[in-house]
1. Mind checking which residues of the stretch 90-103 are in a strand (DSSP E or B) and surrounded by 12 or more Cβ atoms within 10 Å (Cβ to Cβ)?
2. Show the residue pairs that are 6+ apart or on different chains and have beta-carbon atoms under 6 Å apart, the first residue being within the stretch 14-29 and closer than 11 Å to residue 61 by Cα, the second being in a strand (DSSP E or B) and modelled with pLDDT of 95 or more.
3. Which residue out of 7, 55 is without any contact (Cβ under 8 Å) to a residue 12 or more places away in the chain and in contact with a strand residue (DSSP E or B) (Cβ under 8 Å, 6 or more places away or on another chain)?
4. Check 141, 117 and return the single one that is touching a residue at least 12 places away in the same chain (Cβ under 8 Å) and buried (at least 18 other Cβ atoms within 10 Å of the Cβ).
5. Is it the case that some residue within the stretch 158-170 is touching a helix residue (DSSP H, G or I) at 6+ places or on another chain (Cβ under 6 Å) and more than 30 Å from residue 2 (Cβ to Cβ)?
6. For the stretch 161-190, which residues satisfy the criterion of being farther than 16 Å from residue 143 by Cβ, within 17 Å of the chain's Cα centre (by Cα) and touching a residue at least 40 places away in the same chain (Cβ under 8 Å)?
7. Mind listing whichever residues of the stretch 166-188 are in a loop (DSSP other than H, G, I, E, B) and surrounded by fewer than 16 Cβ atoms within 10 Å (Cβ to Cβ)?
8. Are there any strands (runs of 3 or more DSSP E) wholly within the stretch 1-79 with 2 or more residues that are within 18 Å of the chain's Cα centre (by Cα) and at pLDDT below 95, and if so which?
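The values are calculated or read from the model by the stated rules, or taken from the named source; none is laboratory data. Note that the structure is predicted; figures quoted are calculated from it, not measured. Note that we place each Cβ from the backbone using ideal geometry, even for glycine, and neighbour counts take in every protein chain shown.
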């Protein structure tokens, strides 16, 4: 499929380029100015929170031909939207897209409700002709991570109170064992501390 270009734009926003196609995941205008950026062939949305489903960001990069692959709580906004439930799969432009579970186990809002309940949001595994990328979405370490295929590149969230502690981030990374790893969706990061406890076979890209 050619070289895969990866750009971390901030927060949970990532851009991929491959074979003349541009793919965005959770574009968010408060962390990146999308004005003049490459137009999106595909936009992946993990869930409907404002920092993941951001119409201001879309307005700069979408076209009438842009495809959206979204979670069930985003839903079918128009004919360009493809809704994937947890564990559903599809193929887009020769790229496999698998929606995987992404949810909180312990993290709750002041009302006592989980920030991200099970079955609502998606993570995604993207299969670029055998090179597999995992976008975890807003999640904690969950049993479904044990069932992932061999991951080449992973994006795991690391921020309280919404997703993982440093210790949980390391636990999840060492379980998945990607060849390369980005922390994303974080407020602050101590790279030397994370590297100290990561499996040495994992390259932390931050």
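1. Taking the stretch 90-103 and keeping what is in a strand (DSSP E or B), we get 90-92, 95-102.
Passing the criteria: 90, 92, 95, 96, 97, 98, 99, 100, 101, 102.
2. Final answer for the pair search is 23/16; 23/42; 24/15; 24/43; 27/13.
3. Working: 55 fails: in contact with a strand residue (DSSP E or B) (Cβ under 8 Å, 6 or more places away or on another chain).
Selected residue: 7, the only one of 7, 55 that is without any contact (Cβ under 8 Å) to a residue 12 or more places away in the chain and in contact with a strand residue (DSSP E or B) (Cβ under 8 Å, 6 or more places away or on another chain).
4. Details: 117 fails: buried (at least 18 other Cβ atoms within 10 Å of the Cβ).
Residue meeting the stated conditions: 141.
5. Residues of the stretch 158-170 that are touching a helix residue (DSSP H, G or I) at 6+ places or on another chain (Cβ under 6 Å), as a first pass: 158, 170.
Filter again for more than 30 Å from residue 2 (Cβ to Cβ), leaving 158, 170.
Yes; the residues of the stretch 158-170 include at least one that is touching a helix residue (DSSP H, G or I) at 6+ places or on another chain (Cβ under 6 Å) and more than 30 Å from residue 2 (Cβ to Cβ).
6. Matches in the stretch 161-190: 162, 163, 178, 182, 184, 185.
7. Initially, the stretch 166-188 is screened for residues in a loop (DSSP other than H, G, I, E, B), giving 177-179, 185-188.
Within the stretch 166-188, 177, 179, 187, 188 meet the criteria.
8. Working: elements: 5-10, 13-18, 21-25, 42-44, 67-70.
Correct list: empty, since no element meets the threshold.
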